[in-house]
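Read-outs: derived from the displayed coordinates by stated rules, not from any lab. If you're wondering where the values come from, they're calculated on a predicted model, not measured in any experiment. A quick note on method: Cβ atoms are made from the backbone with ideal geometry, for glycine too, and the neighbour counts reach across all protein chains shown.
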Amino acid sequence: VQGELHLEQYGDLVAASVEHDVQVVALLDYSVGWAEAVPGDYTTIDEAAFGAFAGAVAAAFGDDIEFYEVWNEENLEIFFKPAPDPEKYGALLKAAAQAIRVADPGAVVLFGGLNSIGVFVGKPWGFFEAVADAHGDIGNYFDGFAIHPYTLAQALSPEQENAAGTFADMLHFARGALGRFGMEYKPLFITEMGWPACPCPPLEPPLLIPNVSYDEQANYLVRSYVLAAAAGVDVFLWYDFMDGDGFGEIFSESFFGLVKYDPDPGDDVPPELKPSYLAYAALNGFMAGRVYGGDMGPSLHCHAHLFTGQSADMVVVWNSLDDGECGVALPPGAHQVYDLFGDPTGTVEGSLEVPPDGSPRYVTLAPID
């Protein structure tokens, strides 16, 4: 109803997040009919009304929320009807950013997360460039650039090529797009990234979106996180936490979760964990207190990335080949090796031979005498 703002349910969610020390990214998107000159046409949204909405959210939650993402995948028709409109989106971003900053001067405003499927040949972030062309001052209205660098149909590995390049290519292209407008200093936020994993039935075209195995999902999670760290990404958010019920039109959309579907979240039985949850937990434990230290990989498919910290330095290694081991040279000493889930598997000296199973391993480097 025009003139009424109902934030009660979101207040409960934000309060619960704060209680559990979870940072919230507030996603401000879509519309209501009364705010559109032509109902259902987002290009006719009243920009002042959208700005007032964004400002009201920031005023209500400014003490608990720092990050505000303005729209979701506005480069796709399904999320910006009837068709993506760079000029209109830029105007909505400006209105929202101005109102948010009035209500909360310390807020971080994000350019709405772009989906990599909106590919302009070799330029998956071409929509951003179109917005910057239409609004020469757009850099004044956002603090971070959000992207969703999904691989083709959310099925290829991070290292496989698709129309938008590899996962690492897409991050490089995002930096390049910012740089073409003098915004290379803007931080990159991955506000969605994931792979669907389940024992799913085959799908028929045009809904042919495959699923990866549970092990592949866990492997790809760690590999994409490490590659994002190597590219200097500031924030990486996995999509998503819990599987859906599997009854959606596109079956695989229900299976991006780290845990399986919980039909009765009110009972005392926790949801079943997928291997990706355990891999994520190990990753977070190993990365705590460490920062990216450089690429030690001897070849394109033999990956080794250094993370340094106050405790022992660590190397994350994996082999993205389908067959054949690869060797990663290590500094002198006996180094402890852990598997994908953080379990110790022994020590290694000299060189670590990495099998072609795609599974990352963690190597804690012995201190140098």
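What nm distance separates the two modelled labels at Ala281 and Glu325, each placed 7 Å from Cα along Cα→Cβ?
Distance between the two pseudo-spin positions: 3.1 nm.
Of Leu340, Pro39, Gly11, which is farthest on the positive side of the dipole of the chain, counting Cα position, with +1 on Lys and Arg Cβ, -1 on Asp and Glu Cβ, and the Cα centre as origin?
Leu340
Taking H as built 1.01 Å from N, whose amide H comes closer than 5 Å to the amide H of Asn72, not counting residues under 5 places away?
Under 5 Å from the amide H of Asn72 lie the amide H atoms of Tyr30, each far enough along the sequence or on another chain.
May I ask for log10 I(q)/I(0) of the range 273-348 at q = 0.12, 0.13, 0.15, 0.20 Å⁻¹, from a Debye sum over the Cα atoms as equal point scatterers with solvent left out?
-0.37, -0.43, -0.58, -1.04
For Asp357 and Asp46, what is the calculated FRET efficiency with R₀ set at 51 Å and r taken between the beta-carbons, to the nearest 0.05?
0.40
Please tell me which of these pairs span more than 32 angstrom C-alpha to C-alpha: Lys123/Lys274; Lys81/Lys123; Lys94/Lys260?
Lys123/Lys274; Lys94/Lys260
Once phi is turned into θ = phi - 60°, what whole-Hz ³J(HN,Hα) does the Karplus curve with 6.51, -1.76 and 1.60 give for every residue of the range 52-67, x standing for Gly and Pro?
Each residue's phi maps through the Karplus curve to give 4, 4, 4, x, 5, 5, 5, 5, 6, 10, x, 6, 10, 10, 9, 10 Hz.
Which percentage, to the nearest 5, of the DSSP beta bridges contained in the chain is antiparallel?
So the antiparallel bridges amount to about 60 percent of the total.
Among Tyr225, Tyr68, Tyr214, which one shows the biggest mean-square fluctuation in a GNM of the chain, springs joining Cα atoms closer than 10 Å?
Tyr214
For the pair Ala163/Ser311, report the inter-label distance in nm, with labels modelled 7 Å from Cα in the Cβ direction.
4.5
How high is the relative contact order of the range 172-305, in percent, with contacts defined as C-alpha pairs under 8 Å that are six or more residues apart?
23
Give the range of the longest stretch in the chain that excludes all GluC sites (Glu not before Pro) found in loop regions by DSSP and having at most 16 other beta-carbon atoms within 10 Å.
In short, 78-160.
Between Val38 and Ala15, what FRET efficiency follows from the Cβ-Cβ distance if R0 is 41 Å, with the result rounded to 0.05?
0.65
Hey, of (1) 21.9, 72; (2) 22.0, 66; (3) 23.1, 77, which did the structure itself give for Rg and Dmax of the Cα atoms in Å when calculated?
Computing Rg and Dmax of the Cα atoms in Å and matching it to (1) 21.9, 72; (2) 22.0, 66; (3) 23.1, 77 gives (1).
List every residue whose amide H lies under 5 Å from the amide H of Gly358, counting only residues 5 or more places away in sequence or on a different chain, with H placed 1.01 Å from N in the peptide plane.
Excluding prolines and chain starts, which carry no amide H, the hits are Asn319.
Give me the orientation-averaged projected area of the Cα convex hull of the range 133-247, in nm², one decimal.
The Cα convex hull of the range 133-247, projected and averaged over all directions, gives 8.8 nm².
If you take the square roots of the eigenvalues of the alpha-carbon gyration tensor of the range 265-308 and sort them as a ≥ b ≥ c, do you get rounded (a/c under 1.5), prolate (a/b over b/c) or oblate?
oblate
Return the equivalent ellipsoid semi-axes of the range 56-170 as a descending list in whole Å, where each equals the square root of 5 times an eigenvalue of the C-alpha gyration tensor.
Semi-axes from the Cα gyration tensor: 28, 16, 12 Å.
If I fit a long axis through the Cα atoms of helix 214-230 and take the longest principal axis of the Cα atoms of the chain, what angle between them do I get, 0 to 90°, rounded to 10?
80
Kirkwood hydrodynamic radius, the range 219-369, all distinct C-alpha pairs: what's the number in Å?
The answer is 16.8 Å.
Out of Phe247, Phe79, Phe142, any idea which swings most in a Gaussian network model of the chain, alpha carbons joined below 10 Å?
Phe247
Nearest 10 degrees is fine. How inclined is helix 86-103 to the longest principal axis of the chain, computing both from alpha carbons?
Once rounded, the angle reads 90 degrees.
Distance in nm between label sites at Val1 and Ala83, each 7 Å beyond Cα in the beta-carbon direction?
3.8
Would you mind counting up the charge near Met170? Only other residues with Cβ under 15 Å from its Cβ, with Lys and Arg at +1 and Asp and Glu at -1.
Value of the local net charge: -3.
Tell me the mean residue ellipticity at 222 nm calculated for the chain from its helices only (DSSP H runs of n ≥ 4, each -39500 (n - 2.57), averaged over every residue, nearest 500).
-8500 deg cm²/dmol
Would you mind getting me the FRET efficiency between Phe181 and Gln98? Use the beta-carbon distance for r and R0 = 22 Å, nearest 0.05.
0.65
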